[in-house]
Every structure is written in C-alpha cells, then in structure tokens.
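Below: one structure, written as structure tokens.
The values are calculated or read from the model by the stated rules, or taken from the named source; none is laboratory data. Please read all numbers here as calculations on a predicted model, not as lab measurements. When we count neighbours, we look across all protein chains shown, and the Cβ atoms used for this are built from the backbone with ideal geometry, even at glycine.
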2 protein chains.
Amino acid sequence: MLQRRIDDHAPPTREAMREAQDIFFNHLKRVGLKHTDQRDTILRTFLETRDHLSTDELFRLVRQKDPKIGFTTIYRTLKLLAECGLASEVAFHDGVARYEHQFNRRSHHHMVCTDCGVSVEFFSPEVGKLEEEIGRKYHFDATRHTFQIYGICEDCRKNGRRATSH
Amino acid sequence: MLQRRIDDHAPPTREAMREAQDIFFNHLKRVGLKHTDQRDTILRTFLETRDHLSTDELFRLVRQKDPKIGFTTIYRTLKLLAECGLASEVAFHDGVARYEHQFNRRSHHHMVCTDCGVSVEFFSPEVGKLEEEIGRKYHFDATRHTFQIYGICEDCRKNGRRATSH
DNA sequence: TTGAAAATGAAATTCAATTTCATTTATCGA
DNA sequence: TCGATAAATGAAATTGAATTTCATTTTCAA
C-alpha cells in the first residue's frame with residue numbers, strides 16, 4: 001500500500017542504527033533472551049523503512065536480505081521491538097496489524113483515506129495534552145492513546161473514483 | 001465484559017424506540033431490503049443496552065428473546081444498523097469488533113483499562129474540533145475519527161492485581 | 001394470491017494471528 | 001575449547017473472529 005508522509009525524517013544514520021541496536025540487545029539481555037543474526041537483520045530492515053508495515057510486508061522485505069528467515073520469527077521479533085519501545089502498533093482498522101518504528105520519532109498521528117487506503121501523518125501536540133488532562137480528570141493512569149482521522153484524500157476526491165485497495 | 005459509564009443516559013423511551021425503528025426501516029426501504037421480525041428484534045435488543053457489544057454478545061442477548069435467530073443474521077443486521085447511522089463500530093484493539101448505538105447519543109470517546117478491559121466514556125468537544133481543523137489543513141475530507149486512551153483504571157491501580165478478562 | 005427477490009441460519013470458508021514442536025543455535029561455566 | 005542447556009528458529013498446525021455459501025423460508029408488490 002502506498003504511504004505518504006508530511007514529514008522530513010531521513011533514513012537512520014549509522015549512529016542511530018547502532019543506538020537502536022543497543023536498545024534492542026540490552027532489552028534482550030534484560031529479559032534473558034539471545035542475540036541472533038535473524039533478530040539483527042529484522043531490526044535493521046525495519047528501521048530502514050518509513051512505512052507502516054504489516055508483519056507480512058516486513059517479512060517480504062527481510063526475505064530479500066535473508067531468504068531463510070521465517071515469518072514466525074518476524075512476527076515474534078516485532079513483538080519484542082514493541083516491548084522495548086522501538087516499534088509500536090498502529091491500527092488502521094483494515095483487518096491487519098501494522099507497526100511503525102518509534103526511534104527518534106516525533107509524536108504524530110494518522111489520517112487514513114477510506115477510499116484508497118493512503119495514510120498521512122500529521123502532528124498535533126494538543127492530542128497528547130488531551131490524553132493527560134482526561135486521564136487526570138477520570139483518575140486513569142493514562143499510558144497511551146490512539147487518534148486517527150478517516151476521510152477522503154484530495155486525490156480521491158478529485159478523481160472521483162474508487163481505488164482497488166480496500 | 002464489565003462496562004462503566006460516566007453518563008446520565010436513560011434507556012430509550014417508547015417514542016425514541018419508535019423513531020429509531022422508523023430510521024431503520026426507512027433505510028431498508030431506501031436500499032430495497034425487507035422488514036423482518038428478526039431485524040426488529042435485533043434492533044430493539046441492541047437499543048436496550050448501553051454496552052459496547054460484540055456480535056457474539058448481542059447474539060446471546062437476542063437469543064433470550066428469540067432462540068431461533070442465528071448469529072449470521074445478527075452479524076448482517078449490525079452492518080445495516082451501522083449503514084444507517086444507528087450503530088457505529090468501536091475498536092478497543094482486543095481482537096473483536098464492538099458496536100455501540102448512536103441514536104440520540106452525545107459525541108463521546110473511550111478510555112480503556114489495559115488491565116481489566118473496562119471501558120469508560122468521556123466527553124471532549126476539542127477532539128471533534130481537531131478533526132475538523134486537521135482535515136482542513138491537509139485537504140482531507142474528514143468524515144470521522146477514532147480517539148481512545150489506554151491506561152490503568154483506578155480500581156486496578158489500587159488492587160494491584162490483574163483481572164482475567166484479557 | 002402468487003412469484004420474484006430477499007432473508008435466514010447452519011455450515012463452510014477465509015485469513016490474520018498465534019501456537020506447537022522437532023531441530024538448530026547461542027551462551028555460559030568448566 | 002568443550003559440552004550442557006536454555007532459547008531460537010521456522011514449517012506446519014491451530015485458533016478464532018469475520019465473512020461467505022447455499023438450500024430453504026419469508027416478504028411484499030402486483
């Protein structure tokens with residue numbers, strides 16, 4: 001699926017990559033798990049993208065680097081990356097779970113076109129403030145939130161036609 | 001699943017029920033579908049609750065009124081109710097789709113406890129304004145949004161124990 | 001009243017998510 | 001370096017909610 005960004009983020013530098021690897025492998029050590037080549041390949045592949053990847057999409061990318069890595073390992077590694085904060089799940093309600101990386105990433109949210117499925121990031125600090133305020137008001141220990149806007153993107157509105165992707 | 005409300009909404013009056021039935025059956029007529037006893041029973045059962053019901057939960061409630069109504073009919077009727085605006089899907093990201101009724105309902109959002117699964121409604125007009133503003137800014141024809149806050153509810157924080165329901 | 005179109009519901013299917021399990025690999029202490 | 005052992009891997013199986021199929025029943029307009 002096509003993904004557009006309103007964002008100036010560059011691919012990770014060598015140092016950023018190293019830092020993320022440190023975070024990951026410290027996490028593994030902390031919970032008594034092992035450092036493997038597969039996990040490293042998966043982490044690097046994941047960080048090199050800016051997309052909201054489903055497990056299957058990441059699997060296809062990783063397979064280009066190492067065709068012997070299985071789907072299950074991708075699946076489990078994504079859970080590990082989410083555990084240590086390097087990835088987070090985004091739900092666009094199209095039936096598949098997607099992950100995006102969170103390393104050195106500005107807080108952002110998504111608008112999703114219900115016609116062609118394109119997702120566009122936007123930034124709105126107010127949303128984070130709302131989470132905090134409302135948590136306080138209702139005595140919830142708020143840890144995270146989801147905020148997505150659905151609608152029709154400019155292209156689809158102009159074209160007036162439906163895309164194939166949903 | 002337990003559901004709590006911060007809301008003063010009463011069960012539907014006879015007139016409100018009638019009005020919702022009108023909306024539903026006008027919608028059916030408009031799209032060339034038929035009025036059936038099953039659909040009426042399902043609509044009434046749905047409106048009588050204040051919960052965020054999964055298809056299966058609604059199925060269990062409907063079965064108490066008419067054990068001959070099948071799961072598939074509930075499933076399809078919920079889609080129809082969503083089509084005409086009487087129901088809307090809420091995703092709490094626990095793997096099942098839930099619906100809540102939208103008839104005579106204030107705009108609201110949900111906080112979900114990630115420990116026991118309880119969901120609490122809250123009201124925040126700012127969120128709707130954000131949808132509008134951001135849609136305009138990025139040239140999206142925004143039609144709806146989702147906003148949920150996840151965290152630990154007061155009870156779970158006090159009890160310090162995990163509940164069974166997720 | 002009647003026939004065409006739609007509805008029903010049980011069963012089957014789909015498909016992403018998750019688990020199982022036999023085999024392989026990483027790590028650690030001697 | 002050499003096992004021992006605990007974890008990792010990945011192919012295959014399983015799960016479970018969502019959705020579709022299809023034979024039968026029901027609705028409703030003429």
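Under the condition of being surrounded by 15 or more Cβ atoms within 10 Å (Cβ to Cβ) and away from DNA strand C (no atom under 16 Å from the Cβ), the residues counted in the range B:57-87 number 1. Exactly one residue among A:I149, A:I134 is facing another protein chain (nearest Cβ under 7 Å), in a helix (DSSP H, G or I) and either among the charged types (D, E, K, R) or under 18 Å from B:H109 (Cβ atoms) (or both), and that residue is A:I134. Once the range A:15-32 is narrowed to residues that are surrounded by 13 or more Cβ atoms within 10 Å (Cβ to Cβ) and within 15 Å of DNA strand D (Cβ to nearest atom), the residue that is farthest from the other protein chains (Cβ to nearest Cβ) is A:Q21. Give the residue that is farthest from A:L80 (Cα to Cα), with candidates limited to residues of the range A:33-47 that are within 12 Å of DNA strand D (Cβ to nearest atom), among the charged types (D, E, K, R) and assigned to a helix (DSSP H, G or I). The selected residue is A:D37.
Among the residues making up the range B:26-56, those that are within 12 Å of DNA strand C (Cβ to nearest atom), closer than 21 Å to B:P11 by Cβ and not basic (K, R) are B:D40, B:T41, B:I42, B:L43.
Just to be sure, is A:E131 free of Cβ contacts under 8 Å to residues at least 24 places away in the same chain, acidic (D, E) and crowded, with 20+ Cβ neighbours inside 10 Å? So that I can check it myself, show each step before the final result.
Values: free of Cβ contacts under 8 Å to residues at least 24 places away in the same chain: yes; acidic (D, E): yes; crowded, with 20+ Cβ neighbours inside 10 Å: yes.
Answer is yes for this residue.
Six or more apart or on different chains, Cβ under 9 Å: which pairs go from a residue in the range A:75-103 that's at negative phi and within 14 Å of chain B (Cβ to nearest Cβ) to one that's of a type in the set (S, T, N, Q) and part of a helix (DSSP H, G or I)? Could you list them? Once the first residue is at negative phi and within 14 Å of chain B (Cβ to nearest Cβ) and sits in the range A:75-103, its partners that are of a type in the set (S, T, N, Q) and part of a helix (DSSP H, G or I) give A:V96/A:T55; A:A97/A:T55; A:R98/A:T55; A:Y99/A:T55. Among the residues of the range B:122-146, the one identified as β-branched (V, I, T), under 25 Å from A:R136 (Cα atoms) and more than 18 Å from the chain's Cα centre (by Cα) is B:V127.
Just to verify a result, which residue in the range A:48-76, among those that are in a helix (DSSP H, G or I) and polar (S, T, N, Q), is nearest to the chain's Cα centre (by Cα)? Full working, then the answer.
Start the filter on the range A:48-76 by keeping residues that are in a helix (DSSP H, G or I), which leaves A:48, A:55-65, A:71-76.
Next, only the ones that are polar (S, T, N, Q) stay: A:55, A:64, A:72-73.
Details: A:T55: 11, A:Q64: 20, A:T72: 18, A:T73: 17 Å.
Among them, the one singled out is A:T55.
If you filter the range B:109-126 down to residues that are modelled with pLDDT of 90 or more and facing another protein chain (nearest Cβ under 7 Å), you find that the one that is surrounded by the most Cβ atoms within 10 Å (Cβ to Cβ) is B:M111. A:R105 meets each of the listed conditions (1) of a type outside the set (G, A, S); (2) surrounded by fewer than 20 Cβ atoms within 10 Å (Cβ to Cβ); (3) under 30 Å from A:F25 (Cβ atoms); (4) in contact with a helix residue (DSSP H, G or I) (Cβ under 9 Å, 6 or more places away or on another chain) apart from (4).
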